[in-house]
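Reading through the structure tokens given below for one structure.
Each reported figure results from applying straightforward, stated rules to the coordinates on display, with no laboratory input. Because the structure is predicted, anything quoted here is derived from the model rather than measured. Using ideal geometry, Cβ is built from the backbone for each residue, glycine included, and neighbour counts are taken over all protein chains shown.
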């Protein structure tokens, strides 16, 4: 497995792979990898001859008040996991090598990014789309694999690929849960034992909403939202949002919606957690 730190060296490697007729699969991550990331690498391995995993805590998607400096990092173990799951290259740049000091170009989205996480994290998706665009240009992937846990991110990236004509197939991997059904996240390590137990109310809300929406559809929206807010609040969580959206365009669902996204963001202690489910109608 090759390890690259310089963007131009990675790009030359990708160009050589393309010239050799190889299919490239990209898995963008911020590191501190877990079983959820491993499942995405496994998908990439099935779809590409070369599997590139990026490990980069992207500063442009963090607000000044967020956890950039304390975001967990473990590069050595990340590389071991990548190699064990068949990655052929890891890209781990420094911020100064990814962003010029006088940078002035951004990739932004003006509709899908204004709801859900975009309400409380207004600069987040601009940073995400900019770095993903750069990663696409550096790795030249035929396919890129993202997780459904970051559902809004995945939907916005698919829109970016469509609108900007990136020649990249976007594949979504299933949300992976731990043994207690808490959605796997690098930020879970911030939770105390007690907070972890109470945070199970989030996944319990998701499971209840999924069952109700499958059986009753759009008419159950208000009920599942109210139920989730009560469950999480009663467990001591602070709800950021609980919403049901059309999974295609993140608008309010209608009788014409073919798939729903039930999405939750809540804080336990100082840790903001997200969870979701997709429900086909």
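According to a simple spin-label model (label point 7 Å from Cα along Cα-to-Cβ), what is the distance in nm between residue 69 and residue 107?
With each label placed 7 Å out from Cα toward Cβ, I get 3.0 nm.
Figure the gain on full extension for residue 238 and residue 211 (residue separation times 0.36 nm, minus the Cα-Cα span) and round it to one decimal in nm.
7.4 nm
So what's the angle, to the nearest 10 degrees on a 0 to 90 scale, between helix 35-47 and the longest Cα principal axis of the chain?
Orientation of helix 35-47: about 50 degrees from the principal axis.
Under a 10 Å cutoff between Cα atoms, tell me which one of 15, 250, 40 has the largest fluctuation in the Gaussian network model of the chain.
For the chain, modelled as a Gaussian network with Cα springs under 10 Å, the answer is 15.
Would you compute, from DSSP H runs of 4+ residues alone, the mean residue ellipticity of the chain at 222 nm, taking -39500 (n - 2.57) per run and dividing by the full residue count, rounded to the nearest 500? Mind showing how you got there, number by number?
Numbers: 9 runs with 112 residues, N = 281.
So the calculated ellipticity at 222 nm is -12500 deg cm²/dmol.
Could you calculate the contour length gain from residue 258 to residue 200, that is, 0.36 nm times the residue separation minus the distance between their Cα atoms, to one decimal place in nm?
Details: separation 58, 0.36 × 58 = 20.88 nm, distance 2.86 nm.
Contour length minus Cα-Cα distance gives 18.0 nm.
Per the Debye formula with a single identical scatterer at each Cα and no solvent contribution, what log10 I(q)/I(0) holds for segment 16-61 at q = 0.14, 0.26 Å⁻¹?
Summing over Cα pairs of segment 16-61 leads to -0.39, -0.90.
Which residue, 105, 176, 225, has the most motion in a Gaussian network model of the chain that connects Cα atoms within less than 10 Å?
The residue with the greatest mean-square fluctuation here is 105.
Angle, helix 151-164 long axis vs. longest principal axis of the chain, Cα atoms, 0 to 90°, nearest 10?
50 degrees
Once the Cα gyration tensor of segment 195-281 is found, what semi-axes does its equivalent ellipsoid get, as square roots of 5 times the eigenvalues, in whole Å, sorted largest first? Intermediate values should be presented prior to the final figure.
Values: eigenvalues 110, 29, 18 Å².
For segment 195-281, the semi-axes come out at 23, 12, 10 Å.
In degrees from 0 to 90, rounded to the nearest 10, what is the angle of the helix 75-84 Cα long axis to the longest principal axis of the chain?
Compared with the principal axis, the helix lies near 90 degrees.
By how many nm would the segment from residue 46 to residue 267 grow when fully extended, if each residue of separation counts as 0.36 nm and the alpha-carbon distance is taken off?
Numbers: separation 221, 0.36 × 221 = 79.56 nm, distance 3.59 nm.
That works out to 76.0 nm of additional length.
Quick one: check the C-alpha center-to-center distance for segment 153-178 versus segment 196-229, whole angstrom.
Between the Cα centre of segment 153-178 and that of segment 196-229, the gap is 25 Å.
Averaged over all directions, how much area does the convex hull of the C-alpha atoms of segment 1-150 cover when projected, in nm²?
Details: hull surface 36.6 nm².
Spelled out: convex hull of the Cα atoms, projected over all directions, averaged, 9.1 nm².
Using all Cα-Cα distances in the chain, what percent lands in each 10 angstrom bin from 0 up to the longest?
Result returned by the calculation: 6, 28, 36, 22, 7, 1.
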